[in-house]
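Written below as structure tokens is the structure these notes are about.
The values are calculated or read from the model by the stated rules, or taken from the named source; none is laboratory data. Small disclaimer: the values here were computed from a predicted structure and weren't measured. Using ideal geometry, Cβ is built from the backbone for each residue, glycine included, and neighbour counts are taken over all protein chains shown.
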Ligand SMILES: Cc1ncc(COP(=O)(O)O)c(C=O)c1O
């Protein structure tokens, strides 16, 4: 079955008890046992629920993996993976990871004896750090948040595999419709399903998909032992949202690419990034490992902090909000919002300056969105598209 069919049918069969075409939400914390210790498959929702099983089955199929475990948020999924490491272990991470990924390394797990080292994985000369550092895990994100760097997942996984080191890819920005890290050689594909997978900005969720049985055991253990499970209602919402992933992603990609092309010709803008824009530094790589560039566009205004803030606040269709990947367009000012948890020197080292703006382009009419951007530039006293 093709992706679009699996998104609708795998794990989403009608309810065997009633025939309900849309399976019910199992809003229960606990399950009656037949005899002490003998269950009908579930005992307590922290360690499993039919809605988690259904969603995991769908997401494993879409990511091309054997196992999936669902969590209460993307950060819960990240916590699950990190809780599978030991004190004294090292992680070698891409330097432009999501702000809260950096923060959980720095402020939570380093306290328990984890060491995290950062490199620029877009530069193949830095792959040698894997052998030098011998980490317990290589942590990638591609495209990265918010710079949209594209990392060569297959090449990095090859280097790590030769050394017996697992590779994790945060696949949140691409979604499994555009990129499947396990097929490129990664050990773990992690996503915040809050974003594209659900697509409607109405709940939080996370998932880790793998073909590796021992990592899967760690994920199931973390779900119940650390208490990282989602709510059955949220799992049900994500099962509903994911059915239209393919349709939505095609539209996000087309709208984002059209907007990126318009922004590129605008005199108030220093540079624009979208993975499928020919000017993207890893454009060829993006086309090799992704089937679309997704809906995020990042650009730097040729403006100071005040004008940048005025621009992002002057948009009407793009809501000024954290998050991304929903059907509605959002705008983010990383330096004061999503990436404010990274100290300024580290932030600026990876290119997050005050003029940086990140758009999560939704699936509205693209000309309406372009008009909104043009008017907000004018309101901020900047030259628009002309
Ligand atoms: C790349 C990436 N990973 C993980 C997360 C965390 O996900 P959540 O907000 O669902 O905890 C985010 C959130 O923005 C993200 O952008």
task: Scan the stretch 61-82 for residues that are away from the ligand (no atom under 16 Å from the Cβ) and either assigned by TED's automatic domain parsing to the domain that holds residue 322 or surrounded by 22 or more Cβ atoms within 10 Å (Cβ to Cβ) (or both) and jot them down.
output: 62, 65
query: Residues that are more than 16 Å from the ligand (Cβ to nearest atom), touching a residue at least 40 places away in the same chain (Cβ under 8 Å) and touching a strand residue (DSSP E or B) at 6+ places or on another chain (Cβ under 7 Å): which helices (runs of 4 or more DSSP H) entirely in the stretch 238-344 hold 1 or more of them?
result: 245-264, 305-314
task: Scan the stretch 294-311 residue by residue and report those that are crowded, with 21+ Cβ neighbours inside 10 Å, under 18 Å from residue 269 (Cβ atoms) and touching a helix residue (DSSP H, G or I) at 6+ places or on another chain (Cβ under 8 Å).
output: 296, 297, 299, 301, 303, 311
- line: Filtering the stretch 47-60 down to residues that are assigned to a helix (DSSP H, G or I) and buried (at least 20 other Cβ atoms within 10 Å of the Cβ) yields 50, 51, 52, 54, 55, 56, 58, 59, 60
statement: Of (1) within 15 Å of the ligand (Cβ to nearest atom); (2) more than 21 Å from residue 342 (Cβ to Cβ), residue 142 fails just (2)
Every pair of residues 6+ apart whose Cβ atoms lie under 6 Å, when the first sits in the stretch 167-181 and is free of Cβ contacts under 8 Å to residues at least 40 places away in the same chain while the second is assigned to a loop (DSSP other than H, G, I, E, B): 167/186; 167/187; 169/186
- request: Only residues that are buried (at least 18 other Cβ atoms within 10 Å of the Cβ), out of contact with any strand residue (DSSP E or B) (no Cβ under 7 Å at 6 or more places or on another chain) and free of Cβ contacts under 8 Å to residues at least 60 places away in the same chain: list them for the stretch 105-126, please.
  value: 109
task: Taking only the stretch 146-156 into account, find how many residues are closer than 20 Å to residue 288 by Cα, within 15 Å of the ligand (Cβ to nearest atom) and crowded, with 24+ Cβ neighbours inside 10 Å.
output: 4
field: Residues (within 13 Å of the ligand (Cβ to nearest atom), surrounded by fewer than 24 Cβ atoms within 10 Å (Cβ to Cβ) and either assigned to a helix (DSSP H, G or I) or on the phi > 0 side of the Ramachandran plot (or both)) located in the stretch 170-202
entry: 201
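Could you tell me how many of the residues in the stretch 203-216 are more than 11 Å from the ligand (Cβ to nearest atom) and in contact with a strand residue (DSSP E or B) (Cβ under 9 Å, 6 or more places away or on another chain)?
Number satisfying all stated conditions: 8.
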- prompt: Taking the stated definitions as given, is residue 137 buried (at least 21 other Cβ atoms within 10 Å of the Cβ) and either under 24 Å from residue 294 (Cβ atoms) or away from the ligand (no atom under 16 Å from the Cβ) (or both)?
  reply: no
Boolean, residue 161 is without any contact (Cβ under 8 Å) to a residue 60 or more places away in the chain, outside the structural domain of residue 279 (by TED's automatic domain parsing) and either within 16 Å of the ligand (Cβ to nearest atom) or farther than 29 Å from residue 300 by Cα (or both): yes
message: Looking at the stretch 83-92, can you tell me whether even one residue there is loosely packed, with under 15 Cβ neighbours inside 10 Å, in contact with a helix residue (DSSP H, G or I) (Cβ under 6 Å, 6 or more places away or on another chain), modelled with pLDDT of 95 or more and in a loop (DSSP other than H, G, I, E, B)?
response: yes
- request: Kindly indicate whether any position in the stretch 84-92 is within 16 Å of the ligand (Cβ to nearest atom) and closer than 23 Å to residue 183 by Cα.
  value: yes
